Amino acid sequence: MLKVVYALFLGLLLAAFVGIGVATFYQSPKYPEYPIELEQRAPDKALTPEQKQIDQKNRDDQKKYQEGFSRYNRNTSIIVLAFALLFLALGLLLAHRLDIIADGFVLGGIFSLIYSIGRGFASEDLAYRFIVISVGLVIALILGYIKFIKPTTVK
């Protein structure tokens, strides 16, 4: 039982390592601050022409932020997907020598893949969502085959 807990813990640490690493070294766009000129106005009064300009600029900034954040989610998904593939490959390569550590790497790869899929969904790009889900499906099928079905060679 302790081995299972260790493998699970290692997998979670690897996924957290990637998620926090990406957040640290590839920072997300900053949300635009709401203009103070619009905060201070009375809600029942109409906007002045100057306030209308400020409001339009604020809307444009928010739209730019949304586009940038969608791009950020897509790029983050790609980075995390690369680490997930690396962890899965290491887990499969180490399976014969370091059984428990290899299982931890496989779990870390699976958790990272789940995180990558989540970020892919946040990118708001349907084609990219399909690609990420397809990659996840292919990885799951290959991993399942190698780990559980692949015939072992008889010496």
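The values are calculated or read from the model by the stated rules, or taken from the named source; none is laboratory data. Treat the numbers as computed from the prediction; the structure is a model and nothing was measured. Every residue, glycine among them, receives a Cβ derived from its backbone with ideal geometry; neighbour counts consider all protein chains shown.
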>> So, in segment 42-84, how many residues would count as being loosely packed, with under 13 Cβ neighbours inside 10 Å and outside any helix (DSSP H, G or I)?
In response: 6
>> Among the listed residues Y34, Y26, identify the single one that is modelled with pLDDT under 90 and hydroxyl-bearing (S, T, Y).
In response: Y34
>> Checking R97 against (1) surrounded by fewer than 16 Cβ atoms within 10 Å (Cβ to Cβ); (2) closer than 21 Å to A23 by Cα: exactly one of these is not met. Which one?
In response: (2)
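Quickly run through segment 110-142 and pick out the residues that are polar (S, T, N, Q) and in contact with a helix residue (DSSP H, G or I) (Cβ under 6 Å, 6 or more places away or on another chain).
Keep residues of segment 110-142 that are polar (S, T, N, Q), which gives 112, 116, 123, 134.
Hits for segment 110-142 are S112, S116, S123.
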>> Quick check on my filter: what residues within segment 100-137 are free of Cβ contacts under 8 Å to residues at least 24 places away in the same chain and buried (at least 17 other Cβ atoms within 10 Å of the Cβ)?
In response: A102, R129, G136
> Picking from L85, L98, L94, which residue would you name as being within 22 Å of the chain's Cα centre (by Cα) and either within 24 Å of E33 (Cα to Cα) or not polar (S, T, N, Q) (or both)?
Replying inline: L85
